[in-house]
Ligand code: SAM
């Protein structure tokens, strides 16, 4: 998978790939990270990439020309590139999107800055637009990294243990049961005793009950989905 980050601030993105799982994936040639700076395409005298909003409104907007030319160049080099704009004004990204996007060969993430991107660029180039939640970030780089990270875990070979994918939260409507590590007792607090007895069917039942409790507390609408699915399967 190739990712191209279309960003004015490459430095904000680069660090994330310098350690841990995604670095290993790059070293193992499973991922390739490229950068494209719209400023390098600006035709204005001082390489400007923003301007005041037409029709009024506070702040500056990324103007179309630099992004239009950058993205045209990107498409010229790879017509299969899948272009994703990150913006708060979109459907929220989720785990199904992560799995679906993991099958692409090249994804470009376009990060907005200032008050956002001229809508005509989005209309011309976007294959998809995603929000990562109902709040406003200063720029799209974090949102792009969030999506990139979630997608990458679903690419074959990126995770050492791919079994962990199938038991994670959002693979089913239920959230994952609480996890514990060693020691069994830490600062007088013990892991659930059932976990220690080695009866796998009892451990599975307990994990399911804990998982349902967590889901009921944090995401009641997900529990409803789970129950509907079970009654449908019966
Ligand atoms: N004026 C815009 C609005 O009210 O919708 C917000 C612009 S924000 C300050 C600048 C950029 O950050 C956006 O163009 C987008 O790329 C990114 N961004 C901010 N919040 C985001 C979110 N929740 N999800 C995805 N991208 C976001």
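The values are calculated or read from the model by the stated rules, or taken from the named source; none is laboratory data. A quick note: this is a predicted structure, and the numbers were derived from the prediction, not measured. Using ideal geometry, Cβ is built from the backbone for each residue, glycine included, and neighbour counts are taken over all protein chains shown.
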Tell me which of these residue 52 doesn't satisfy, since it passes every other one: (1) away from the ligand (no atom under 14 Å from the Cβ); (2) over 19 Å from residue 130 (Cα atoms). (1)
Just for region 115-133: of the residues that are in a loop (DSSP other than H, G, I, E, B) and more than 6 Å from the ligand (Cβ to nearest atom), which one is surrounded by the fewest Cβ atoms within 10 Å (Cβ to Cβ)? 127
Considering 142, 74, which residue is under 28 Å from residue 19 (Cβ atoms), near the ligand (Cβ under 9 Å from one of its atoms) and in a helix (DSSP H, G or I)? 142
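So which of 147, 136, 132 is in contact with a strand residue (DSSP E or B) (Cβ under 9 Å, 6 or more places away or on another chain), free of Cβ contacts under 8 Å to residues at least 60 places away in the same chain and closer than 30 Å to residue 83 by Cβ?
Checking each option against the conditions leaves just 132.
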Within the group 163, 128, 141, 171, which residue is at pLDDT below 95 and within 16 Å of the chain's Cα centre (by Cα)? 171
